[in-house]
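Peer 1: Before I ask anything, here is the structure I am working with.
The values are calculated or read from the model by the stated rules, or taken from the named source; none is laboratory data. Bear in mind that the values here come from a model prediction, so they are computed numbers and not experimental data. Positions of Cβ are generated from backbone atoms using ideal geometry, with glycine treated the same way; all protein chains shown enter the neighbour counts.
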Amino acid sequence: MPKAPRGTFDILPQEHVYWKYVEDKANSLCRLYGYQSLSTPIFEDAQLFIKTIAGGTDIIDKEMYIFADKSGQELALRAEGTAPVCRAYIEHGLFNLPQPVKLYYIGPAFRYERPQAGRYRQHHQFGFEALGEADPALDAEVIEMARQFFDSLGLSRLSIHLNSIGCKLCRPAYLEVLKQHYASYIDHLCPDCKARLIRNPLRLLDCKKTSCQEIAKTAPKITDYLCPECQLHFQSVQKYLGAMNIPFHLNPRLVRGLDYYTRTVFEIEPREKGGQSTLGGGGRYDDLIESLGGKPTPAVGFAAGLERIILNLKKQKIDIPSLPKPDAFIAYTGEEAKIEAVKIASELRKAGIAVILATGDKSLKGQMRQANSLGIAYALILGEQELSKRSAMLRDMRSGEQKTIPLSEIAKILKPR
Ligand code: AMP
(Lines give C-alpha, C1' and ligand atoms only; values in the text may rest on other atoms or scores of the structure.)
Protein backbone atom coordinates (compact mmCIF):
# COMPACT_ATOMS: atom_id res chain seq x y z
CA MET A 1 0.00 0.00 0.00
CA PRO A 2 1.80 3.22 -1.10
CA LYS A 3 2.13 5.88 1.60
CA ALA A 4 3.07 9.56 1.48
CA PRO A 5 6.89 9.63 1.10
CA ARG A 6 8.96 10.07 4.26
CA GLY A 7 9.20 13.75 5.24
CA THR A 8 5.98 14.69 3.40
CA PHE A 9 2.40 14.75 4.61
CA ASP A 10 -1.15 15.25 3.40
CA ILE A 11 -2.90 18.40 4.52
CA LEU A 12 -6.33 17.16 5.56
CA PRO A 13 -9.45 19.38 5.39
CA GLN A 14 -9.42 20.11 9.15
CA GLU A 15 -5.83 21.37 8.83
CA HIS A 16 -6.66 23.66 5.92
CA VAL A 17 -8.26 26.15 8.27
CA TYR A 18 -4.69 26.97 9.41
CA TRP A 19 -3.29 27.07 5.89
CA LYS A 20 -6.01 29.37 4.65
CA TYR A 21 -5.54 31.62 7.69
CA VAL A 22 -1.80 31.97 7.05
CA GLU A 23 -2.19 32.39 3.28
CA ASP A 24 -4.91 35.03 3.72
CA LYS A 25 -2.66 36.99 6.09
CA ALA A 26 0.23 36.69 3.63
CA ASN A 27 -1.91 37.95 0.73
CA SER A 28 -3.25 40.92 2.76
CA LEU A 29 0.25 41.79 3.95
CA CYS A 30 1.57 41.87 0.39
CA ARG A 31 -1.28 44.05 -0.76
CA LEU A 32 -0.50 46.43 2.12
CA TYR A 33 3.16 46.73 1.10
CA GLY A 34 2.65 46.71 -2.67
CA TYR A 35 3.98 43.23 -3.51
CA GLN A 36 2.58 41.29 -6.48
CA SER A 37 2.20 37.57 -6.75
CA LEU A 38 4.64 35.52 -8.86
CA SER A 39 4.47 31.75 -9.38
CA THR A 40 7.47 29.84 -10.67
CA PRO A 41 7.73 26.14 -11.65
CA ILE A 42 8.17 23.43 -9.04
CA PHE A 43 11.27 22.26 -10.90
CA GLU A 44 14.02 24.28 -12.50
CA ASP A 45 17.31 23.76 -14.30
CA ALA A 46 19.47 22.30 -11.49
CA GLN A 47 22.19 24.86 -12.24
CA LEU A 48 19.91 27.67 -11.04
CA PHE A 49 20.29 26.43 -7.45
CA ILE A 50 23.81 25.05 -7.77
CA LYS A 51 25.12 28.40 -9.05
CA THR A 52 23.33 30.57 -6.51
CA ILE A 53 23.16 28.63 -3.25
CA ALA A 54 26.70 27.31 -3.90
CA GLY A 55 28.65 24.25 -2.79
CA GLY A 56 29.71 23.97 0.83
CA THR A 57 26.11 24.54 1.98
CA ASP A 58 24.02 21.64 3.25
CA ILE A 59 21.30 22.42 0.71
CA ILE A 60 23.57 21.89 -2.27
CA ASP A 61 25.85 19.20 -0.84
CA LYS A 62 23.20 16.97 0.74
CA GLU A 63 19.63 18.07 0.25
CA MET A 64 18.83 18.77 -3.40
CA TYR A 65 16.35 16.62 -5.29
CA ILE A 66 18.15 16.43 -8.64
CA PHE A 67 17.05 14.22 -11.52
CA ALA A 68 17.49 13.92 -15.28
CA ASP A 69 14.32 14.09 -17.37
CA LYS A 70 13.78 11.85 -20.39
CA SER A 71 15.83 14.21 -22.58
CA GLY A 72 18.72 14.00 -20.14
CA GLN A 73 18.36 17.56 -18.87
CA GLU A 74 19.36 17.91 -15.24
CA LEU A 75 16.48 19.37 -13.25
CA ALA A 76 16.01 20.08 -9.56
CA LEU A 77 12.89 20.36 -7.43
CA ARG A 78 12.64 23.90 -6.09
CA ALA A 79 14.92 24.07 -3.06
CA GLU A 80 14.08 27.67 -2.18
CA GLY A 81 12.17 30.57 -3.68
CA THR A 82 14.59 33.46 -4.21
CA ALA A 83 16.72 32.15 -7.10
CA PRO A 84 13.61 31.26 -9.22
CA VAL A 85 12.22 34.78 -8.64
CA CYS A 86 15.54 36.27 -9.81
CA ARG A 87 15.57 33.98 -12.85
CA ALA A 88 12.05 35.14 -13.76
CA TYR A 89 13.06 38.78 -13.20
CA ILE A 90 15.83 38.42 -15.79
CA GLU A 91 13.90 36.15 -18.18
CA HIS A 92 10.89 38.46 -18.42
CA GLY A 93 12.82 41.74 -18.49
CA LEU A 94 11.28 42.92 -15.22
CA PHE A 95 14.37 45.15 -14.85
CA ASN A 96 12.66 47.41 -17.44
CA LEU A 97 9.89 48.20 -14.96
CA PRO A 98 10.25 51.00 -12.40
CA GLN A 99 12.47 49.63 -9.64
CA PRO A 100 12.24 48.13 -7.11
CA VAL A 101 10.04 45.35 -8.43
CA LYS A 102 8.22 43.78 -5.47
CA LEU A 103 7.16 40.16 -5.80
CA TYR A 104 5.90 37.41 -3.51
CA TYR A 105 5.21 33.69 -3.68
CA ILE A 106 3.66 30.90 -1.64
CA GLY A 107 4.62 27.37 -2.60
CA PRO A 108 6.43 24.16 -1.77
CA ALA A 109 10.19 23.70 -1.45
CA PHE A 110 12.02 20.37 -1.35
CA ARG A 111 15.05 19.41 0.69
CA TYR A 112 16.30 15.92 1.47
CA GLU A 113 16.65 16.46 5.20
CA ARG A 114 16.28 14.18 8.21
CA PRO A 115 12.56 14.54 8.99
CA GLN A 116 11.60 15.69 12.50
CA ALA A 117 9.06 18.09 14.00
CA GLY A 118 9.25 21.30 11.95
CA ARG A 119 11.65 19.79 9.39
CA TYR A 120 10.28 18.04 6.33
CA ARG A 121 11.38 16.99 2.87
CA GLN A 122 8.56 18.99 1.34
CA HIS A 123 7.73 22.20 3.13
CA HIS A 124 5.98 25.40 2.04
CA GLN A 125 7.40 28.88 2.01
CA PHE A 126 5.88 32.32 1.86
CA GLY A 127 8.51 34.71 0.57
CA PHE A 128 8.71 38.26 -0.70
CA GLU A 129 11.48 39.93 -2.66
CA ALA A 130 12.20 43.59 -3.55
CA LEU A 131 14.47 43.67 -6.61
CA GLY A 132 16.45 46.60 -8.00
CA GLU A 133 17.10 48.81 -4.98
CA ALA A 134 20.04 49.11 -2.56
CA ASP A 135 18.48 51.61 -0.12
CA PRO A 136 18.88 50.37 3.48
CA ALA A 137 15.39 51.74 4.17
CA LEU A 138 14.13 48.84 2.05
CA ASP A 139 16.04 46.31 4.19
CA ALA A 140 14.37 47.84 7.25
CA GLU A 141 10.99 47.76 5.53
CA VAL A 142 11.39 44.08 4.63
CA ILE A 143 12.25 43.30 8.28
CA GLU A 144 9.30 45.35 9.47
CA MET A 145 7.04 43.61 6.95
CA ALA A 146 8.18 40.20 8.23
CA ARG A 147 7.39 41.27 11.76
CA GLN A 148 4.06 42.72 10.72
CA PHE A 149 3.25 39.34 9.15
CA PHE A 150 3.83 37.47 12.42
CA ASP A 151 1.97 40.18 14.36
CA SER A 152 -1.02 39.87 12.03
CA LEU A 153 -1.04 36.11 12.64
CA GLY A 154 -1.23 36.77 16.36
CA LEU A 155 2.17 35.19 17.06
CA SER A 156 4.02 36.84 19.90
CA ARG A 157 7.23 36.28 21.84
CA LEU A 158 9.37 36.37 18.69
CA SER A 159 12.86 37.82 18.35
CA ILE A 160 14.55 39.38 15.35
CA HIS A 161 18.26 38.56 15.00
CA LEU A 162 20.22 40.89 12.76
CA ASN A 163 23.69 40.95 11.25
CA SER A 164 25.62 42.23 8.25
CA ILE A 165 27.90 39.83 6.41
CA GLY A 166 29.52 42.51 4.26
CA CYS A 167 30.12 42.40 0.53
CA LYS A 168 32.52 40.76 -1.92
CA LEU A 169 35.05 43.55 -1.23
CA CYS A 170 35.27 43.32 2.56
CA ARG A 171 34.33 39.69 3.24
CA PRO A 172 37.51 37.98 1.91
CA ALA A 173 39.72 39.68 4.53
CA TYR A 174 37.31 38.58 7.27
CA LEU A 175 37.27 35.00 5.98
CA GLU A 176 41.07 34.90 6.31
CA VAL A 177 41.01 35.84 10.01
CA LEU A 178 38.07 33.47 10.56
CA LYS A 179 40.05 30.61 9.01
CA GLN A 180 43.04 31.41 11.22
CA HIS A 181 40.81 31.32 14.30
CA TYR A 182 39.31 27.95 13.40
CA ALA A 183 42.64 26.49 12.22
CA SER A 184 43.93 26.68 15.78
CA TYR A 185 41.01 24.45 16.89
CA ILE A 186 41.16 22.06 13.96
CA ASP A 187 41.30 18.91 16.12
CA HIS A 188 38.09 19.93 17.89
CA LEU A 189 36.06 20.55 14.74
CA CYS A 190 33.38 18.15 13.50
CA PRO A 191 34.13 16.46 10.12
CA ASP A 192 31.70 18.81 8.31
CA CYS A 193 33.44 21.88 9.75
CA LYS A 194 36.86 20.54 8.74
CA ALA A 195 35.55 20.54 5.17
CA ARG A 196 33.89 23.96 5.62
CA LEU A 197 37.23 25.43 6.73
CA ILE A 198 38.51 24.76 3.22
CA ARG A 199 35.39 25.07 1.05
CA ASN A 200 33.20 27.68 2.71
CA PRO A 201 34.56 29.14 5.97
CA LEU A 202 31.58 31.46 6.65
CA ARG A 203 29.45 28.34 7.17
CA LEU A 204 31.63 27.43 10.20
CA LEU A 205 29.65 29.98 12.21
CA ASP A 206 26.43 28.15 11.37
CA CYS A 207 27.37 24.68 12.71
CA LYS A 208 24.84 23.35 15.20
CA LYS A 209 27.29 20.99 17.00
CA THR A 210 27.93 22.15 20.59
CA SER A 211 31.73 21.78 20.32
CA CYS A 212 31.82 23.89 17.13
CA GLN A 213 29.48 26.48 18.63
CA GLU A 214 31.93 26.91 21.52
CA ILE A 215 34.66 27.76 19.02
CA ALA A 216 32.29 30.16 17.20
CA LYS A 217 31.74 32.07 20.47
CA THR A 218 35.29 33.41 20.44
CA ALA A 219 35.51 33.84 16.66
CA PRO A 220 36.28 37.30 15.24
CA LYS A 221 33.12 39.26 14.42
CA ILE A 222 32.38 40.08 10.80
CA THR A 223 30.96 43.44 11.82
CA ASP A 224 34.49 44.48 12.88
CA TYR A 225 35.69 43.89 9.30
CA LEU A 226 33.01 45.64 7.24
CA CYS A 227 34.15 48.18 4.63
CA PRO A 228 32.97 51.79 5.26
CA GLU A 229 30.09 51.41 2.73
CA CYS A 230 28.80 48.21 4.36
CA GLN A 231 29.21 49.74 7.81
CA LEU A 232 27.18 52.79 6.81
CA HIS A 233 24.52 50.60 5.19
CA PHE A 234 24.24 48.45 8.32
CA GLN A 235 24.00 51.51 10.59
CA SER A 236 21.28 52.95 8.38
CA VAL A 237 19.25 49.71 8.52
CA GLN A 238 19.41 49.91 12.33
CA LYS A 239 18.50 53.60 12.29
CA TYR A 240 15.38 52.97 10.18
CA LEU A 241 14.37 50.00 12.33
CA GLY A 242 14.73 52.27 15.36
CA ALA A 243 12.49 54.86 13.67
CA MET A 244 9.81 52.17 13.27
CA ASN A 245 10.27 50.96 16.86
CA ILE A 246 11.26 47.46 15.76
CA PRO A 247 13.34 45.76 18.45
CA PHE A 248 16.16 43.50 17.25
CA HIS A 249 19.20 41.65 18.59
CA LEU A 250 22.53 42.12 16.92
CA ASN A 251 24.03 38.69 16.37
CA PRO A 252 27.48 38.80 14.75
CA ARG A 253 27.43 35.01 14.23
CA LEU A 254 24.24 34.96 12.16
CA VAL A 255 25.08 33.85 8.60
CA ARG A 256 22.03 31.94 7.15
CA GLY A 257 22.03 28.65 5.27
CA LEU A 258 22.26 30.01 1.72
CA ASP A 259 25.36 31.54 0.25
CA TYR A 260 24.10 34.38 -1.89
CA TYR A 261 23.56 36.91 0.90
CA THR A 262 25.42 40.21 1.12
CA ARG A 263 25.22 42.84 3.85
CA THR A 264 21.95 42.54 5.82
CA VAL A 265 20.91 39.10 7.11
CA PHE A 266 18.17 38.47 9.65
CA GLU A 267 16.18 35.66 11.20
CA ILE A 268 13.02 35.55 13.26
CA GLU A 269 12.57 32.91 15.92
CA PRO A 270 10.43 32.22 18.96
CA ARG A 271 11.96 33.42 22.21
CA GLU A 272 11.57 29.95 23.69
CA LYS A 273 14.08 28.16 21.53
CA GLY A 274 13.53 24.63 20.26
CA GLY A 275 15.37 22.42 17.77
CA GLN A 276 13.97 23.63 14.44
CA SER A 277 12.90 26.98 15.69
CA THR A 278 13.59 29.56 12.98
CA LEU A 279 10.29 30.75 11.56
CA GLY A 280 11.74 32.79 8.77
CA GLY A 281 14.78 34.60 7.56
CA GLY A 282 16.04 36.82 4.85
CA GLY A 283 18.45 39.49 3.82
CA ARG A 284 20.09 41.30 0.98
CA TYR A 285 21.53 39.51 -2.06
CA ASP A 286 23.11 42.20 -4.22
CA ASP A 287 25.17 39.82 -6.41
CA LEU A 288 22.63 37.07 -7.09
CA ILE A 289 20.96 38.48 -10.21
CA GLU A 290 24.32 39.30 -11.77
CA SER A 291 25.58 35.77 -11.01
CA LEU A 292 22.64 34.46 -13.08
CA GLY A 293 23.63 36.60 -16.07
CA GLY A 294 21.56 39.70 -15.30
CA LYS A 295 22.82 43.24 -14.83
CA PRO A 296 24.17 44.10 -11.36
CA THR A 297 20.92 44.44 -9.37
CA PRO A 298 20.71 44.94 -5.61
CA ALA A 299 17.83 43.12 -3.92
CA VAL A 300 16.49 42.12 -0.53
CA GLY A 301 13.88 39.59 0.62
CA PHE A 302 12.47 37.26 3.22
CA ALA A 303 10.97 33.76 3.42
CA ALA A 304 9.08 31.94 6.16
CA GLY A 305 8.09 28.30 6.53
CA LEU A 306 4.33 27.71 6.71
CA GLU A 307 4.56 24.41 8.61
CA ARG A 308 6.61 26.01 11.40
CA ILE A 309 4.24 28.97 11.55
CA ILE A 310 1.30 26.58 11.95
CA LEU A 311 3.15 24.62 14.66
CA ASN A 312 3.61 27.90 16.53
CA LEU A 313 -0.02 28.97 16.03
CA LYS A 314 -1.02 25.72 17.70
CA LYS A 315 1.61 26.03 20.42
CA GLN A 316 0.49 29.58 21.24
CA LYS A 317 -3.17 28.47 21.05
CA ILE A 318 -4.10 31.24 18.61
CA ASP A 319 -7.82 31.35 17.79
CA ILE A 320 -8.26 30.61 14.09
CA PRO A 321 -11.52 31.63 12.38
CA SER A 322 -13.29 28.50 11.13
CA LEU A 323 -13.95 28.01 7.44
CA PRO A 324 -17.49 28.90 6.31
CA LYS A 325 -19.93 25.98 6.28
CA PRO A 326 -22.48 25.37 3.52
CA ASP A 327 -25.65 27.46 3.97
CA ALA A 328 -28.12 24.58 3.88
CA PHE A 329 -28.52 20.82 3.62
CA ILE A 330 -31.25 19.52 1.32
CA ALA A 331 -33.05 16.39 2.49
CA TYR A 332 -36.00 14.59 0.88
CA THR A 333 -38.22 11.54 1.04
CA GLY A 334 -39.20 9.70 -2.13
CA GLU A 335 -38.10 9.84 -5.77
CA GLU A 336 -40.41 12.67 -6.78
CA ALA A 337 -39.09 14.89 -3.99
CA LYS A 338 -35.53 13.91 -4.94
CA ILE A 339 -36.04 15.22 -8.49
CA GLU A 340 -37.29 18.52 -7.02
CA ALA A 341 -34.35 18.55 -4.57
CA VAL A 342 -31.83 18.13 -7.43
CA LYS A 343 -33.45 21.06 -9.23
CA ILE A 344 -33.54 23.29 -6.13
CA ALA A 345 -29.91 22.52 -5.25
CA SER A 346 -28.83 23.52 -8.76
CA GLU A 347 -30.84 26.75 -8.66
CA LEU A 348 -29.60 27.72 -5.19
CA ARG A 349 -25.96 27.19 -6.16
CA LYS A 350 -26.50 29.37 -9.24
CA ALA A 351 -27.83 32.03 -6.85
CA GLY A 352 -24.59 31.75 -4.81
CA ILE A 353 -26.08 29.76 -1.93
CA ALA A 354 -23.87 26.87 -0.81
CA VAL A 355 -25.84 23.66 -0.33
CA ILE A 356 -25.18 19.98 0.23
CA LEU A 357 -27.69 17.69 -1.40
CA ALA A 358 -28.35 14.36 0.30
CA THR A 359 -27.43 11.41 -1.91
CA GLY A 360 -27.83 7.65 -1.69
CA ASP A 361 -30.77 6.01 -0.02
CA LYS A 362 -30.46 7.22 3.57
CA SER A 363 -33.62 7.55 5.63
CA LEU A 364 -34.69 11.08 6.57
CA LYS A 365 -33.22 10.46 10.03
CA GLY A 366 -29.92 9.44 8.42
CA GLN A 367 -29.94 12.55 6.25
CA MET A 368 -30.49 14.76 9.33
CA ARG A 369 -27.61 13.02 11.09
CA GLN A 370 -25.40 13.85 8.10
CA ALA A 371 -26.51 17.52 8.15
CA ASN A 372 -25.69 17.63 11.86
CA SER A 373 -22.26 16.10 11.51
CA LEU A 374 -21.42 18.60 8.74
CA GLY A 375 -22.35 21.41 11.17
CA ILE A 376 -24.80 22.97 8.69
CA ALA A 377 -27.18 25.51 10.24
CA TYR A 378 -30.29 24.84 8.12
CA ALA A 379 -31.89 21.82 6.52
CA LEU A 380 -34.46 22.05 3.79
CA ILE A 381 -36.74 19.03 3.89
CA LEU A 382 -38.78 18.06 0.84
CA GLY A 383 -41.59 15.57 1.47
CA GLU A 384 -44.54 14.49 -0.59
CA GLN A 385 -46.94 16.47 1.58
CA GLU A 386 -44.94 19.71 1.29
CA LEU A 387 -44.43 19.26 -2.43
CA SER A 388 -48.10 18.90 -3.14
CA LYS A 389 -48.39 22.45 -1.77
CA ARG A 390 -45.21 23.63 -3.63
CA SER A 391 -43.51 24.20 -0.30
CA ALA A 392 -40.69 22.75 1.86
CA MET A 393 -39.83 22.53 5.54
CA LEU A 394 -36.93 24.72 6.76
CA ARG A 395 -35.35 23.36 9.92
CA ASP A 396 -32.99 25.30 12.16
CA MET A 397 -30.55 22.52 13.04
CA ARG A 398 -29.47 24.11 16.30
CA SER A 399 -32.84 24.90 17.85
CA GLY A 400 -34.84 22.21 16.04
CA GLU A 401 -37.42 24.86 15.10
CA GLN A 402 -39.20 24.14 11.80
CA LYS A 403 -41.40 26.17 9.50
CA THR A 404 -43.01 25.65 6.12
CA ILE A 405 -41.84 27.96 3.34
CA PRO A 406 -42.96 28.24 -0.32
CA LEU A 407 -40.48 26.74 -2.85
CA SER A 408 -40.45 30.04 -4.73
CA GLU A 409 -39.10 31.85 -1.63
CA ILE A 410 -36.25 29.51 -0.70
CA ALA A 411 -33.46 31.51 -2.34
CA LYS A 412 -34.76 34.76 -0.84
CA ILE A 413 -35.05 33.26 2.66
CA LEU A 414 -31.65 31.55 2.67
CA LYS A 415 -29.71 34.41 1.05
CA PRO A 416 -29.93 37.01 3.84
CA ARG A 417 -28.64 34.46 6.36
P1 AMP B 1 15.54 29.13 4.14
O2 AMP B 1 15.15 29.08 2.68
O3 AMP B 1 16.48 28.03 4.51
O4 AMP B 1 15.96 30.49 4.58
O5 AMP B 1 14.22 28.78 4.95
C6 AMP B 1 13.20 29.70 5.15
C7 AMP B 1 12.24 29.15 6.17
O8 AMP B 1 11.64 27.96 5.66
C9 AMP B 1 12.90 28.70 7.47
O10 AMP B 1 13.02 29.76 8.36
C11 AMP B 1 11.90 27.66 7.97
O12 AMP B 1 10.82 28.28 8.62
C13 AMP B 1 11.42 27.03 6.69
N14 AMP B 1 12.13 25.77 6.39
C15 AMP B 1 13.35 25.63 5.82
N16 AMP B 1 13.64 24.32 5.66
C17 AMP B 1 12.59 23.63 6.15
C18 AMP B 1 12.26 22.23 6.26
N19 AMP B 1 13.08 21.29 5.83
N20 AMP B 1 11.07 21.90 6.82
C21 AMP B 1 10.20 22.83 7.25
N22 AMP B 1 10.45 24.15 7.16
C23 AMP B 1 11.62 24.55 6.62
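Peer 1: Tell me which residues, restricted to the stretch 81-131, are away from the ligand (no atom under 12 Å from the Cβ), in a helix (DSSP H, G or I) and among the hydroxyl-bearing types (S, T, Y).
Peer 2: The answer is Y89, and nothing else.
Peer 1: Can you tell me which residues in the stretch 6-28 are in the same structural domain as H124 (by TED's automatic domain parsing), within 16 Å of the ligand (Cβ to nearest atom) and crowded, with 16+ Cβ neighbours inside 10 Å?
Peer 2: Y18, W19, V22, K25, A26 - these are the residues of the stretch 6-28 that are in the same structural domain as H124 (by TED's automatic domain parsing), within 16 Å of the ligand (Cβ to nearest atom) and crowded, with 16+ Cβ neighbours inside 10 Å.
Peer 1: Taking I356 as meeting all but one of (1) closer than 22 Å to P13 by Cα; (2) within 16 Å of the ligand (Cβ to nearest atom); (3) buried (at least 18 other Cβ atoms within 10 Å of the Cβ), write down the number of the exception.
Peer 2: Tallying (1) closer than 22 Å to P13 by Cα; (2) within 16 Å of the ligand (Cβ to nearest atom); (3) buried (at least 18 other Cβ atoms within 10 Å of the Cβ), I356 fails exactly one: (2).
Peer 1: Of the residues that sit in the stretch 264-287 and are of a type in the set (D, E) and over 21 Å from Q231 (Cα atoms), which one is farthest from the ligand (Cβ to nearest atom)?
Peer 2: Per the criteria, the residue is E272.
Peer 1: Further question: Any idea how many residues of the stretch 381-417 are among the β-branched types (V, I, T), assigned to a helix (DSSP H, G or I) and either at positive phi or touching a helix residue (DSSP H, G or I) at 6+ places or on another chain (Cβ under 7 Å) (or both)?
Peer 2: Count: 1.
Peer 1: Out of the residues in the stretch 135-162 that are surrounded by fewer than 20 Cβ atoms within 10 Å (Cβ to Cβ), more than 18 Å from A303 (Cβ to Cβ) and touching a residue at least 40 places away in the same chain (Cβ under 8 Å), which is farthest from the ligand (Cβ to nearest atom)?
Peer 2: Only one residue fits best here, namely A137.
Peer 1: So, one more: Please determine whether any residue of the stretch 295-307 is assigned to a loop (DSSP other than H, G, I, E, B), in contact (Cβ under 8 Å) with a residue 12 or more places away in the chain and farther than 27 Å from P98 by Cα.
Peer 2: So far as the stretch 295-307 goes, no, none of its residues is assigned to a loop (DSSP other than H, G, I, E, B), in contact (Cβ under 8 Å) with a residue 12 or more places away in the chain and farther than 27 Å from P98 by Cα.
Peer 1: Considering only residues that are surrounded by 17 or more Cβ atoms within 10 Å (Cβ to Cβ) and in a loop (DSSP other than H, G, I, E, B), look in the stretch 165-182 and name the one that is nearest to the chain's Cα centre (by Cα).
Peer 2: I165
Peer 1: Okay, next question. Taking the criterion of being crowded, with 19+ Cβ neighbours inside 10 Å and within 16 Å of the ligand (Cβ to nearest atom), would at least one residue in the stretch 288-297 satisfy it?
Peer 2: Checked the stretch 288-297: at least one residue is crowded, with 19+ Cβ neighbours inside 10 Å and within 16 Å of the ligand (Cβ to nearest atom).
Peer 1: Let me ask something else. Does the stretch 154-164 contain at least one residue that is within 18 Å of the chain's Cα centre (by Cα) and on the phi > 0 side of the Ramachandran plot?
Peer 2: yes
Yes/no matrix, rows are residues, columns are (1) of a type in the set (D, E); (2) in the same structural domain as S399 (by TED's automatic domain parsing); (3) over 22 Å from Q14 (Cβ atoms):
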residue: E336; (1), (2), (3): yes, yes, yes
residue: K343; (1), (2), (3): no, yes, yes
residue: K350; (1), (2), (3): no, yes, yes
residue: Q367; (1), (2), (3): no, yes, yes
residue: N372; (1), (2), (3): no, yes, no
residue: G375; (1), (2), (3): no, yes, no
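Peer 1: Which of the following residues is assigned by TED's automatic domain parsing to the domain that holds Y18 and more than 30 Å from T262 (Cβ to Cβ): L394, L311, L387? Can you show your working first?
Peer 2: On the way: L394 fails: assigned by TED's automatic domain parsing to the domain that holds Y18; L387 fails: assigned by TED's automatic domain parsing to the domain that holds Y18.
Testing whether each residue is assigned by TED's automatic domain parsing to the domain that holds Y18 and more than 30 Å from T262 (Cβ to Cβ) leaves just L311.
Peer 1: While we're here: Conditions: (1) surrounded by fewer than 22 Cβ atoms within 10 Å (Cβ to Cβ); (2) modelled with pLDDT of 90 or more. S277 meets all but one. Number of the miss?
Peer 2: (2)
Peer 1: Moving on. Return the only residue of R31, R87 being more than 18 Å from the chain's Cα centre (by Cα) and either within 25 Å of L153 (Cβ to Cβ) or in contact (Cβ under 8 Å) with a residue 12 or more places away in the chain (or both).
Peer 2: R87
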